[in-house]
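Notes follow the structure.
The values are calculated or read from the model by the stated rules, or taken from the named source; none is laboratory data. Bear in mind that the values here come from a model prediction, so they are computed numbers and not experimental data. Here the Cβ positions follow ideal geometry from the backbone for every residue, glycine too, while neighbour counts run over all protein chains shown. Each accessible area value is taken on the protein alone, full model and side chains, heavy atoms only, with ligands, DNA and RNA left out. Shrake-Rupley method; radii C 1.70, N 1.55, O 1.52, S 1.80 Å.
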Protein chains: 2
Amino acid sequence: MTYGVGLLLKEGMVLLSDTRTNAGIDHISSYRKMFHFSVPGERVITILTAGSLSTSQATIARLQEAVEDPEASPESSILLAPSLLKVAEIVGATLWSVREGMEKRLHTNGTFGQATMIVAGQRRGGVMRMFLVYPEGNFIEATEDTPFLQIGEHKYGKPILDRIVRPDTSLADGQKAVLLSMDSTLRSNLSVGMPLDMAVIERDACQVARERRIEAGDEDFRAMSEAWSAALREGFRKIGILK
Amino acid sequence: MTYGVGLLLKEGMVLLSDTRTNAGIDHISSYRKMFHFSVPGERVITILTAGSLSTSQATIARLQEAVEDPEASPESSILLAPSLLKVAEIVGATLWSVREGMEKRLHTNGTFGQATMIVAGQRRGGVMRMFLVYPEGNFIEATEDTPFLQIGEHKYGKPILDRIVRPDTSLADGQKAVLLSMDSTLRSNLSVGMPLDMAVIERDACQVARERRIEAGDEDFRAMSEAWSAALREGFRKIGILK
């Protein structure tokens with residue numbers, strides 16, 4: 001499994017993903033699940049992936065190929081597409097075409113090879129947008145009412161986001177929130193694992209402002225995790241019992 | 001959906017369940033999902049149910065019928081069974097027979113009509129035991145390493161239990177922990193709903209020491225929920241950002 005989360009805040013966007021993949025519990029590996037496509041100052045697009053690794057990798061590879069194609073067009077390249085909506089459409093169509101190809105080969109049409117993606121970005125002159133692309137290529141968009149999107153093993157880490165994240169949450173608090181959301185997921189589900197990739201995109205900068213890989217032994221992350229555990233225990237202690 | 005949780009602590013057992021059931025999102029009702037079978041001082045058994053309401057109700061009704069049968073035997077009645085293990089076996093066999101009957105009628109063998117149960121209890125002279133009975137009638141048991149069991153929509157409320165609940169957690173803290181676990185679930189998933197049923201069974205008492213229904217407008221529960229939110233926000237505020 002995977003856990004990936006993106007926040008769409010007034011100040012910018014925060015993205016976090018883990019790196020664990022498994023094909024059965026005895027075949028566990030670490031793969032990057034966060035990908036940046038960017039022309040700094042002009043356009044930034046960050047994609048998080050969850051689900052089938054082969055589908056995800058093939059989709060990202062095809063998107064990259066389309067970007068590098070000498071005949072790249074606004075119809076094919078996410079770096080030339082006229083809007084972020086069009087970017088989401090290209091990602092969705094590519095994702096679906098990869099999976100469709102596999103299904104035809106295997107004569108299946110179930111959940112085989114499914115992958116889900118978060119597509120976040122901004123082009124110069126446009127607004128920041130963030131989409132959740134479903135395995136069939138359709139998508140939904142983050143809004144003021146729902147300023148975060150999650151993929152993969154999302155339930156363990158949702159309560160903290162529900163309580164903390166609002167559109168006017170600061171980028172600093174947003175980074176704390178996604179990391180604590182991930183921390184709860186890591187504790188409750190072994191199939192989500194370190195290292196983590198975090199990226200921060202500031203509004204209107206059209207580039208990745210901060211990229212941080214958090215390795216398994218990261219002292220700062222451990223300290224944050226322990227401080228949060230202590231705060232939870234202390235908060236728990238103070239609460240009175242129900243009469 | 002449903003959320004049900006049981007703690008097996010050194011001091012006793014704490015059980016909590018919601019009451020919401022739905023058949024499609026426009027057919028929502030409230031049904032009790034916690035059932036007590038008891039001969040006070042001799043034996044106490046509490047069952048929580050999740051999943052298909054018809055399977056759950058039929059299973060509980062058959063267990064009740066078997067208890068009241070003038071020819072009830074240690075093989076058929078959970079109030080006469082020689083051990084809690086045998087109780088879990090009877091519950092599992094009854095649950096499976098109900099579902100098997102439905103499947104035969106419908107010629108299906110998928111997930112239709114599945115239900116899951118927590119069976120907690122103690123008989124005089126025995127130890128407290130708690131089982132999670134699967135839809136097929138097999139079961140697992142809570143242990144010192146894993147002193148809690150959950151059924152239904154369990155992921156949202158697991159992180160708080162992972163952090164707080166140990167075998168030597170007090171019954172008072174256990175009640176707080178299950179209620180806060182439920183609170184997180186209620187906030188994140190509309191298909192779990194008030195009112196709630198909570199029961200406390202003290203070790204060796206062989207009866208339900210406390211039963212508490214928590215209605216939607218319960219002031220004490222609301223105050224606890226708000227205090228927990230405030231504690232989380234305060235704890236969050238204090239944590240430093242990752243360098």
Measure out, as a whole number of angstrom, how far apart the alpha-carbon centroids of the range B:1-74 and the range A:94-160 sit. 39 Å
Given R₀ = 22 Å, what would the calculated FRET efficiency be for A:Glu136 paired with A:Lys10, taking r from the Cβ atoms and rounding to 0.05? 0.10
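So how strong a dipole does the range A:47-154 carry about its Cα centre when Lys and Arg Cβ are +1 and Asp and Glu Cβ are -1, to the nearest 20 debye?
80 debye
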Across peptide A:167-173, how many C-beta atoms of other chains are within 10 Å of each residue C-beta, on average? 1
Subtracting the Cα-Cα distance from 0.36 nm times the residue separation, let me have the gained length for A:Val67 to A:Asp204 in nm, one decimal. 47.1 nm
List the distances, in nm to one decimal, from the label point of B:Glu42 to the label points of the same position in every other copy, shortest first, placing each label point 7 Å from Cα along the Cα-to-Cβ direction. 8.4
Under 10 Å, Cα contacts only: if you run a Gaussian network model on chain B, which one of B:Asp168, B:Asp220, B:Asp183 comes out with the highest mean-square fluctuation? B:Asp220
Over chain B: helical MRE at 222 nm, DSSP H runs n ≥ 4 each giving -39500 (n - 2.57), nearest 500: -11500 deg cm²/dmol
Rounded to the nearest 10, the angle in degrees between the Cα long axis of helix A:53-68 and the longest principal axis of the Cα atoms of chain A comes to 50 degrees
Probe 1.4 Å, all chains present, heavy atoms only: A:His154 accessible area in Å², nearest 10, is 60 Å²
For the protein assembly as shown, with only Lys/Arg (+1) and Asp/Glu (-1) charged at the beta-carbon, what is the dipole magnitude about the Cα centre, in debye rounded to 20? 560 debye
What are the semi-axes of the equivalent ellipsoid for the protein assembly as shown, taken as the square roots of 5 times the Cα gyration tensor eigenvalues, largest first, in whole Å? 46, 27, 18
Choice from B:Glu65, B:Glu89, B:Glu202 with maximal GNM fluctuation in chain B (Cα, 10 Å cutoff): B:Glu65
Each residue of the range B:180-187 in order: what ³J(HN,Hα) in whole Hz does its phi give by Karplus 6.51 cos²θ - 1.76 cosθ + 1.60, θ = phi - 60°, with x for Gly and Pro? 6, 4, 5, 4, 4, 5, 4, 5
Quick one: pull the percentage of alpha-carbon pairs in the range B:3-238 with a separation above 31 Å. 21 percent
GluC sites (Glu not before Pro) in the range B:122-156 lying in a DSSP loop, each with at most 11 other Cβ atoms within 10 Å of its Cβ, come to B:Glu144
Could you give, in nm with one decimal, how far A:Glu219 is from each other copy of that position, shortest first, with labels 7 Å out from Cα toward Cβ? 5.1
Mean separation of Cα contacts under 8 Å (at least 6 apart) over the residue count of chain A, i.e. the relative contact order in percent, is 28 percent
Copies of A:Lys243 compared via label points 7 Å along Cα→Cβ give distances in nm, shortest first, of 4.9
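For an R0 of 35 angstrom, estimate the FRET efficiency from the Cβ-Cβ distance between B:Glu42 and B:Ala216 and round to the nearest 0.05.
Between B:Glu42 and B:Ala216 the formula returns 0.45.
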Given A:Lys155/B:Lys176; B:Lys86/B:Lys158; B:Lys10/B:Lys158; A:Lys10/B:Lys158, the pairs whose alpha carbons are separated by over 27 Å: B:Lys86/B:Lys158; A:Lys10/B:Lys158
Taking the Cα centre as origin and putting +1 on Lys and Arg beta-carbons and -1 on Asp and Glu beta-carbons, what dipole magnitude results for the range B:3-238, to the nearest 20 debye? 500 debye
